[in-house]
Amino acid sequence: MAVDSFAGKLAVVTGGGSGIGRELVRQLAVQGCSVAACDLNAATVAETAAMARAAAVPEVRVTSHACDVADEAEVLRFRDELLDGHASDHVDLVFSNAGIGGGSSFVSGDRDEWERTFAIDWWGVYYCARVFLPLLIASSDGVLVNTSSVNGLWASLGPGVPQTAYSTAKFAVRGFSEALIEDLRVHAPHVRVAVVMPGHVGTDIIANSLRARGLPDPEHMSDAQLEELIPRDMQDGLIRAGMLGEDASADDLRQMLVSANADFRDKAPVSAAEAATTILDGVRSGTWRILIGEDATMIDAAVRAKPEAAYDYAELFGAAAEEPAAEQPAAGTPER
Ligand SMILES: NC(=O)c1ccc[n+]([C@@H]2O[C@H](COP(=O)([O-])OP(=O)(O)OC[C@H]3O[C@@H](n4cnc5c(N)ncnc54)[C@H](O)[C@@H]3O)[C@@H](O)[C@H]2O)c1
């Protein structure tokens, strides 16, 4: 079921304050689609809405809403606000895009961080589906677009870099989306679902993930916060990997986090704008599986070709790939 045009439709975008979500809002608005965008960060999503309005024709309505998608009551409030603001009884497109990185080690990591990551990345997608599916069913041809990750295909970032909470949530998002295909076919055939699996996309997700966990920007973190975020064993690993000097100070750790975010954003093979275009092209074409970037395509092919070797990195990637993933992430905040 392809979509000819987004013009005249109403879309919901979660995590619209930054990165891929911001670009989805902007590009949808340019294409004549009204948008209700939400974010944990009310100020950044308000900025997105202003940018999108400035680029759109006057009939397009773009609203911004504060909402924590991991809290069902907030998602319900977001729904009520947007139906009121757009004078609508249905929505046509839902982009469940909000997400954070974190919760790398189940064995040694902080439990609160693990559960906050899982809550946003899984329960956020689940609550949005619960709340918005009836409104997609009320549309003539609704599309639910859930964002997973290459970590929904492969639950690691490579040697020495566990990725447990994020991968668990992203596998759940992928499994849920695939399971909905048949459910919708049987019970709501005019609605479809697509799942997005990005590889490395240049965004501020490292810094935003720290904020979503209630931490200040790295420059303002206390020594104790740094020590908790990058515990001693992780620092030792970074020293062994040559990413941190032997006698690194707290300021070196702060600077490393700032650089890690900037590098993740600025040295990515795919920009947020390109990722959003790929997602919208995929939705338009009617595909249910939207991979973003050559790294995602490569990991998908490798894991499907050799499932038993998925975590035997040399065997999985062979000589063809010198590095297992596109890039190693920053300490404490890995995400793909
Ligand atoms: N950037 C990548 O390399 C990459 C790779 C794979 C998957 N993804 C996924 O793509 C999606 C978008 O990521 P991005 O890279 O654009 O990140 P981003 O940080 O630039 O944007 C995500 C936005 O979501 C918001 N957000 C976080 N928690 C929220 C919550 N509880 N409720 C509402 N909003 C919340 C953040 O404030 C931020 O504005 C995420 O689901 C992420 O996991 C990203």
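For the reader, a short list of remarks on this structure follows.
- In plain terms, the chain from E315 to S140 could stretch by 58.2 nm, reckoned as 0.36 nm per residue minus the Cα-Cα distance.
- Under 10 Å, Cβ to Cβ, from A250 - net charge with Lys/Arg +1 and Asp/Glu -1: -3
- Note on the range 86-126 and the range 171-228: Cα centroid distance 5 Å, given to the nearest whole angstrom.
- Here S88, S108 are placed in order of increasing Cβ neighbour count within 10 Å, fewest first, which gives S108, S88.
- FRET E, pair E246, S222, Förster distance 35 Å, beta-carbon r, rounded to 0.05: 0.90
- Two-site label geometry, A188 and A301: point separation in nm, points 7 Å out along Cα→Cβ: 3.6
- Tensor-based shape of the range 36-78 (alpha-carbon gyration tensor, a/c under 1.5 rounded, otherwise prolate or oblate): oblate
- Positive end of the dipole of the range 217-261 (Cβ unit charges, origin at the Cα centre): among P231, A250, M221, the Cα lying farthest that way belongs to P231.
- Full-stretch length increase - E59, I181 - with 0.36 nm per residue and alpha-carbon distance subtracted: 40.6 nm
- Summed side-chain charge close to V62 - residues other than V62 whose Cβ falls under 12 Å, Lys, Arg +1, Asp, Glu -1: +2
- Projected area averaged over orientations for the chain, convex hull of C-alpha atoms, nm²: 16.6
We did not get these values from a lab; they are worked out from the coordinates using the rules stated. A quick note: this is a predicted structure, and the numbers were derived from the prediction, not measured. Every residue, glycine among them, receives a Cβ derived from its backbone with ideal geometry; neighbour counts consider all protein chains shown.
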